[in-house]
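Below: one structure, written as C-alpha cells.
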Amino acid sequence: MLKPLSEKQQNPAIMPSIFSLELSDLENWLSEIKEPKFRGAQIYNWLYEKRVTSFEEMTNLPKGLRDKLEETFHVHPMKEVARQESSDGTIKFLFELQDGYSIETVLMRHEYGNSVCVTTQVGCRLGCTFCASTLGGLKRNLLAGEIVAQVLQVQRALDATEERVSSIVIMGIGEPFDNYDGLIKFLKVVNHDKGLNIGARHITVSTSGIVPYIYKFADEGMQINFAVSLHAPNTEIRSRLMPVNRMYPMEELMESIRYYTKKTGRRISFEYGLFGGVNDQVEHAEELAKLIKNVKCHVNLIPVNYVPERDYVRTPKNQIFKFLETLKKRGVNATLRREQGHDIDAACGQLRAKERQEETR
Ligand code: SAH
C-alpha cells in the first residue's frame with residue numbers, strides 16, 4: 001500500500017472551502033446551526049447558478065447567516081496568475097491557492113463542446129519517469145472544493161461568451177486515487193443537478209493504477225468514464241516507466257480491471273504513451289493485444305510529449321501507424337489521441353505545480 005500522507009498533505013492549514021460540500025453536507029451544517037434546510041438549496045443556487053464570489057452577494061439570506069458562512073468557509077475564487085492560449089484554442093490557467101501554491105488547469109475546445117482538465121494534487125508522488133507533474137514531489141492534496149473551484153473558474157471565463165463546460169477529465173496534475181475522498185466529493189458536487197450538473201458520462205477519471213482504489217471505485221456505482229494509464233505491454237517495461245507498478249504489478253492491476261468491468265458493465269480506456277524505442281515496436285503491440293484480449297476496453301495511444309527534464313523521444317509517424325494497425329488487426333479498439341495545447345505546454349504530462357515563492361526568487 002502507498003504510505004499514508006502526512007497530516008499536512010492531507011489537511012492543509014487553510015480555510016475549508018464551501019465548494020467541498022455536497023448539498024446534504026450543507027443542509028446538515030445548517031441544521032447544526034439551527035437554520036432551516038431550504039437555505040441549502042438557496043446557497044447552492046448562488047454558488048452554481050449565479051456563480052457569485054462572496055457570501056455578501058447572497059441577498060436572500062439573513063445577515064447573521066451570511067456572517068456565519070463568511071467565518072466558516074472560503075468562497076473566493078482562486079487568483080488567476082497567468083493564462084496562456086494556444087493556437088488551437090486550448091487555454092492553460094495558472095491558479096494560486098490560499099496557501100500560495102499554484103496549479104494548472106486546462107480548457108480544451110472540441111467540436112462536441114468544452115472540456116476542462118482538472119488537477120487533484122499539488123505535485124505528485126508517483127514518480128512516473130516521463131511525467132513533469134511529479135518532478136517536485138507531492139506538496140499536498142487539493143480539497144474537493146479546490147477541484148470544484150477550477151471548473152467554476154473556467155466556467156466563469158466561458159460565461160463571457162455564453163458557453164458551457166460540457167465535460168471534465170481528471171487528468172491534470174496528481175494522482176486522483178491518491179486523493180480518493182477529495183475526488184469522490186468533487187464528483188458528487190459537479191454531478192449534482194443543483195451543483196454544476198455535469199453528467200457522469202461526461203466525466204473521465206484517470207489513474208496510474210492504485211489497485212485497492214480500483215476495487216473501491218468499482219463499488220461506488222457511479223457511471224463515470226474510467227481510464228488507466230497502462231503504457232506497457234508487460235510488467236517489466238511498466239516497472240521501468242512507472243514505479244507504481246512495483247507496488248501494484250500488472251497482474252494485480254489487470255485482475256482489478258476485470259473486476260471493474262464485470263461489476264460496472266462499463267468499458268474502460270487504457271492510455272498507452274508511445275515512448276520511442278521503449279514500448280513502441282510491433283512486437284509490443286502484439287503483446288499488448290494479447291494482454292487485453294478479454295477486457296472490454298478501448299486503447300488511446302499518446303505520442304510522448306516533450307518534457308525538458310526527461311529524455312524520451314517521439315515515435316516516428318509511420319511507426320505510430322504501424323503500432324495502431326497491429327492493434328486493430330488483432331481486434332483491439334484503438335485510436336490515436338488528438339493532441340492539443342502543444343505550443344503552451346498544456347498536453348498530457350506537461351503540467352506542473354509551482355511554488356510561488358520559488359518562482360519569484
Ligand atoms: N495520475 C493519473 C492522472 C494523470 S493523466 C494517471 O496517471 O493516469 C495524464 C496522462 O498523461 C497519464 O496517462 C500520464 O501517464 C500521461 N503522461 C504523463 N507524461 C506524459 C508525457 N510526457 N507524454 C505523454 N503522456 C504523458
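Every number in this text was worked out from the coordinates using simple rules, so none of it is lab data. Not measured: the values here are computed from a predicted model. FYI the Cβ positions are ideal-geometry reconstructions off the backbone, even for glycines, and counts take in every protein chain you see.
Does GLY89 qualify as being over 19 Å from GLN350 (Cβ atoms), among the small types (Gly, Ala, Ser) and more than 18 Å from the chain's Cα centre (by Cα)? Against the criterion (over 19 Å from GLN350 (Cβ atoms), among the small types (Gly, Ala, Ser) and more than 18 Å from the chain's Cα centre (by Cα)), GLY89 does not qualify. Applying the criterion of being of a type in the set (D, E, K, R) and surrounded by 21 or more Cβ atoms within 10 Å (Cβ to Cβ) to the residues of the range 140-162, the residue that is nearest to GLY127 (Cα to Cα) is ARG140.
Do you know which of the residues in the range 304-356 that are small (Gly, Ala, Ser) and under 21 Å from the mean Cα position of the chain (by Cα) is farthest from PHE270 (Cα to Cα)? By that ranking, first place goes to ALA353.
Selection of the range 295-308 for residues being in contact (Cβ under 8 Å) with a residue 24 or more places away in the chain and part of a loop (DSSP other than H, G, I, E, B) yields VAL295, LYS296, VAL304, ASN305, TYR306, VAL307.
Among the residues of the range 163-178, at least one is acidic (Asp, Glu), surrounded by fewer than 24 Cβ atoms within 10 Å (Cβ to Cβ) and within 16 Å of the ligand (Cβ to nearest atom).
Among the numbered conditions (1) within 16 Å of the ligand (Cβ to nearest atom); (2) in contact with a His (Cβ under 7 Å, 6 or more places away or on another chain), the only one that ILE344 does not meet is (2).
When the test is whether a residue is of a type in the set (S, T, N, Q), over 19 Å from ASN294 (Cβ atoms) and under 19 Å from the mean Cα position of the chain (by Cα), ASN225 passes it.
Note on the range 214-277: enclosed helices (runs of 4 or more DSSP H) holding 2 or more residues that are more than 19 Å from CYS128 (Cβ to Cβ) are 250-264. Each residue in the range 188-212 was checked for being over 15 Å from the mean Cα position of the chain (by Cα) and over 25 Å from MET108 (Cα atoms), and 2 of them qualify. Do we have any residue at all in the range 209-216 that's out of contact with any Cys (no Cβ under 8 Å at 6 or more places or on another chain), buried (at least 22 other Cβ atoms within 10 Å of the Cβ) and of a type in the set (A, V, I, L, M)? For the range 209-216, residues out of contact with any Cys (no Cβ under 8 Å at 6 or more places or on another chain), buried (at least 22 other Cβ atoms within 10 Å of the Cβ) and of a type in the set (A, V, I, L, M): present.
The set of residues in the range 86-123 that are under 23 Å from VAL75 (Cα atoms) and among the small types (Gly, Ala, Ser) comprises GLY100, SER102.
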